[in-house]
Amino acid sequence: MPQAEASRRQSGALWSAMPAQAMTSAPRLSFGQGARVHLYLAYLKTLWRLRQIFKIKAYGLGWTASRVGCEFDFTFRGAPFRFVPAAARSYCLLPAGIPNEPETHRFLDRVLEGKSNVLFIDVGASVGEFAIPMAHDPRVGRVLAFEPSPSTYAALGASAVAAPAGKLAVDDRAVGAGQGVGAMDLRARSPSAAALRPVGGHDVEPVEICALDDVVHPHPGQAVILLIDIEGGELEALRGARGMIRTARPLIIFEYNSTTRACFELQDARQVLGASYRLFRLRSSDGRLDDDLDHTWNVVAVPDGGPWREGRGDDLHLFAPCDRRTGLPHA
């Protein structure tokens, strides 16, 4: 690790201070490298088509990505990215322009309709599937991205330098209930699956932990979106954001699948958020909300007040249509 990067990681400084010229020209690829990139992209698109037509689950994405072995630039949702081999297993379908979580992108597009100067906070930003496009979205005024895994932090920073000046800050600290030091588990096959573990043991990387209340200060009345995907640490991140939740009333999206269910229950999240928030499932089929909290991948916490309004009036477009006879959302 270069000395400058090492000191930056120790201090928790931000990638937004990097020189803007870092991504002004695309990497020069040899014939062999170019061929590998084209084959890789064709493989991703083919797998996606097979999944769409035959509902076949995609395997081998990470292994194939790890064989590319060179940096190259690509575009996702109109935003420039740089593929960094050290984080190859974290990109999944992105280099082919295909979202890994299409339902979340659909939901965010609806949420942002008619908004401006939104503060977007991405906790567990990985290589930037959400943080990078949000930094290029004119409806978003500022993006704060937190990513403590060394390889994905570097990859996110490589793409962040092409964002509009001063709009995106990338922090290498983990997010939890308070300040401290933790350990990043590096044993996961994909850096995106790395999670905080107790300090000590093998295959761990010491990381600084911060609480959102200590580092994020929205402007009064500013609309805030908080996205949390940290492999079971979502509840601790919410606990460290109690003050912001109380004053800014952010719209919150957090992962709640088989991994996170083993770490906390939704009732725990309700206790942190308070009675003025309601929880909904983010549907994988169409990116709309419903009440089925028994089968979730992501959960959306909607505040009753503040810049965001629960599903009434002009916000009904966020919710799944209901059957008029039963009042239940259509499947």
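The values are calculated or read from the model by the stated rules, or taken from the named source; none is laboratory data. In this text, all values refer to a predicted model and were calculated from it rather than measured experimentally. Note: ideal-geometry Cβ built from the backbone for every residue, glycine included; neighbour counts use all protein chains shown.
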| request: Only one of these is touching a strand residue (DSSP E or B) at 6+ places or on another chain (Cβ under 9 Å), surrounded by fewer than 21 Cβ atoms within 10 Å (Cβ to Cβ) and within 21 Å of ALA145 (Cα to Cα): PHE81, PHE74. Name it. | output: PHE74
| message | Can you tell me which condition VAL68 does not meet? The list is (1) out of contact with any Leu (no Cβ under 7 Å at 6 or more places or on another chain); (2) in contact (Cβ under 8 Å) with a residue 60 or more places away in the chain, and all the others hold. | response | (2)
| Which one is modelled with the lowest pLDDT among residues in the stretch 134-155 that are within 14 Å of the chain's Cα centre (by Cα) and among the hydroxyl-bearing types (Ser, Thr, Tyr)? | SER149
| field | Criterion violated by GLY221 - all others in (1) of a type in the set (Gly, Ala, Ser); (2) surrounded by 22 or more Cβ atoms within 10 Å (Cβ to Cβ); (3) more than 23 Å from ASP294 (Cα to Cα) satisfied | value | (2)
| query | Looking at the stretch 221-247, which of its residues are among the β-branched types (Val, Ile, Thr), assigned to a helix (DSSP H, G or I) and in contact with a helix residue (DSSP H, G or I) (Cβ under 8 Å, 6 or more places away or on another chain)? | reply | ILE245
| field | ALA165 being of a type in the set (A, V, I, L, M), assigned to a helix (DSSP H, G or I) and out of contact with any Phe, Trp or Tyr (no Cβ under 6 Å at 6 or more places or on another chain) | value | no
| note | Subset of the stretch 168-181, residues surrounded by fewer than 22 Cβ atoms within 10 Å (Cβ to Cβ), touching a helix residue (DSSP H, G or I) at 6+ places or on another chain (Cβ under 9 Å) and not in a loop (DSSP other than H, G, I, E, B), comes to ALA169
| Tell me, which residue of the stretch 216-250 that is of a type in the set (A, V, I, L, M, F, W, C) and in contact with a Gly (Cβ under 9 Å, 6 or more places away or on another chain) is farthest from ALA301 (Cα to Cα)? | ILE230
| task | Could you grab me the full set of residues in the stretch 291-321 that are modelled with pLDDT of 90 or more and crowded, with 19+ Cβ neighbours inside 10 Å? | result | THR296, ASN298, VAL299, VAL300, ALA301, VAL302, PRO303
